1. Going through Leu204, Leu192, Leu210 one at a time, which residue ends up being in contact with a helix residue (DSSP H, G or I) (Cβ under 9 Å, 6 or more places away or on another chain), crowded, with 17+ Cβ neighbours inside 10 Å and part of a strand (DSSP E or B)?
2. Mind listing whichever residues of the stretch 257-282 are within 15 Å of His235 (Cβ to Cβ) and touching a helix residue (DSSP H, G or I) at 6+ places or on another chain (Cβ under 6 Å)?
3. Identify all residues within the stretch 173-193 that are in contact (Cβ under 8 Å) with a residue 24 or more places away in the chain and within 20 Å of Val116 (Cα to Cα); write none if there are none.
4. Working carefully through the options Ala187, Ala182, Ala178, Ala213, find the one that is of a type in the set (A, V, I, L, M, F, W, C), modelled with pLDDT of 95 or more and touching a strand residue (DSSP E or B) at 6+ places or on another chain (Cβ under 6 Å).
5. Tell me which residues, restricted to the stretch 118-163, are in contact with an Asp or Glu (Cβ under 8 Å, 6 or more places away or on another chain) and part of a loop (DSSP other than H, G, I, E, B).
6. Which one of Arg154, Arg225, Arg219, Arg173 is on the phi > 0 side of the Ramachandran plot and in the same structural domain as Leu262 (by TED's automatic domain parsing)?
Amino acid sequence: MTFDLPVSMAAGTEFSPPSSVLEVGCNKDNAAALEGEVSDSLSDLKQMTNRKPPRYSSALRHSVSSVGHLTADDLLDDDSVSTKSPSNQKSRFLPVFRSGSCAERGPKQYMEDEHVCIDNLIDHFGETDDFSSPGAFYGVFDGHGGTDAASFIRKNILKYIVDDSHFPRCLDRAIKSAYLKADCAFADVISLDISSGTTALTSLIWGRTLIVANAGDCRAVLGRRGRAVEMSKDHKPNCKSERLRIENLGGVIYDGYLNGQLSVARALGDWHMKGAKGSACPLSAEPELQETRLTEDDEFLIMGCDGLWDVMSSQCAVTMTRKELMVHNDPERCSRELVREALMRNACDNLTVIVVCFLPDPPPKIEIPQTRVRRSISLEGLNLLKGVLDCNS
C-alpha cells in the first residue's frame, strides 16, 4: 500500500463509502469498469434524444443511479461532465492540521489519561525520504490500574510505528505491528508496574489519508459538514464480536467485565491477565483500523476517552464543536467546551479530548432549503437538528 498524494474524490459521490476498514483495498478494475459504464450511458442518452433505443438499458439504469448527483442534461453535455465533476473541483485539496486538547481529572481521585498532539511530522522528525509528505499524529490513552502503561505507550507508540520495516510503504501493517511491539516492550520494563494497562486510540494522517487505530473504548469521530462519522468501534466486552472472540479464547464475561476484572475487551499492558508473549489471549492488544480519504467536507476530528462518550453521543459532540468553530475557530476552546459539557452532565471518569481541524477557515453555515410547495431539509440540516436535540436532552 502506498500513500502518495492521490487525486481526491469529492464527498457526496456514490462511487465508494466514506470510510472503510483498511483490509479492504481499492480495485482498479472496478473503477475502470465503472468509467466504461458511464461512458456507455452518455452514448445511450444521446441516442435516446435522437429517438434511437439505447444499447444496454440495464447498464444505463445502473450508471445513472451511481452518479445520481448529475442530471440527464449534465450527462448529455460532455463539457459539463469534465468541468463540473466534484472530483475535479477538489482534486487539489490538502488538509491543514490545527489541534487543541483538554484533559481533566474529573470526579476521580487520580488522573490516569495521557495524550499526544503532533501537528507536523516533518517538523517533529525532520524532512527525510520517509517524511516528504505533510502528516500529523494524535493519540488518547486511557490508563487504568496506574499511569505506567499509559505513559509508556504515549512516549513510545509513534517511534514503534516509524521504526517498523513496513513504514511508510504499508502503514496499516506498521501500525498494527507497533501496537503489539509496544505492548511486549512494556512487559520487559522491570521498573514499571506491568499490571497497569491502557486503551490506545491513535490517528495518523499522511497527506490526505486518515488512519485511525483503536484498542479499547476511546473513540474518534469525524465531523463531515455537520454529520458525525465514527472512525472507531468501542471495544466493550459485551459487544457481540468481542464477546465471541473472548469466549472462543477461553475467556468469560461477568457483569460486563472481561474475566470479571476489566471493562474493556482490548488494551495494552495488564500483563497479569495475559499469557506468554505472542500467545492468543482474551484481552487483545491488537488494534482495529479504519481509513478514509479526507476531502473539503471533512472539517474536524474529535478524539476522546470513554469519559466523554459515556455522557454524550457522537452527533452531539460534532454539533457542539461545529457551532463553536463557527464562532471562534479555535480547536483548543472546542476541546475545553466538550470537557466542560461532559462534567455538567455528571461524567464520572477522567476526561481527555482532542479536536483536530483540517481547514484554516471556520465551517460554513448549513442552509436548510425551503419552498412554497414542499418543505424539505437537507441531510446536513437533519444531522444538525439531531445534534441540537441530543445536546439539549
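The values are calculated or read from the model by the stated rules, or taken from the named source; none is laboratory data. Model, not experiment: these values are computed from the prediction. Positions of Cβ are backbone-derived with ideal geometry, glycine not excepted, and every protein chain shown enters the neighbour counts.
1. Values: Leu192 fails: part of a strand (DSSP E or B); Leu210 fails: in contact with a helix residue (DSSP H, G or I) (Cβ under 9 Å, 6 or more places away or on another chain).
Of Leu204, Leu192, Leu210, the one residue that is in contact with a helix residue (DSSP H, G or I) (Cβ under 9 Å, 6 or more places away or on another chain), crowded, with 17+ Cβ neighbours inside 10 Å and part of a strand (DSSP E or B) is Leu204.
2. Ala265, Leu268, Gly269, Pro282
3. Result: Ile175, Lys176, Tyr179, Leu180, Ala182, Asp183, Ala185, Phe186.
4. Going through Ala187, Ala182, Ala178, Ala213 in turn, the sole match is Ala213.
5. Passing the criteria: Ser133, Gly145, Gly146, Thr147.
6. Among Arg154, Arg225, Arg219, Arg173, only Arg225 is on the phi > 0 side of the Ramachandran plot and in the same structural domain as Leu262 (by TED's automatic domain parsing).
Residue by residue, here is whether (1) at pLDDT below 95; (2) more than 20 Å from the chain's Cα centre (by Cα); (3) under 27 Å from Thr198 (Cβ atoms); (4) surrounded by 22 or more Cβ atoms within 10 Å (Cβ to Cβ) holds:
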site	(1), (2), (3), (4)
Cys305	no, no, yes, yes
Met326	no, yes, no, no
Thr352	no, no, yes, yes
Pro369	yes, yes, no, no
Cys391	yes, yes, no, no
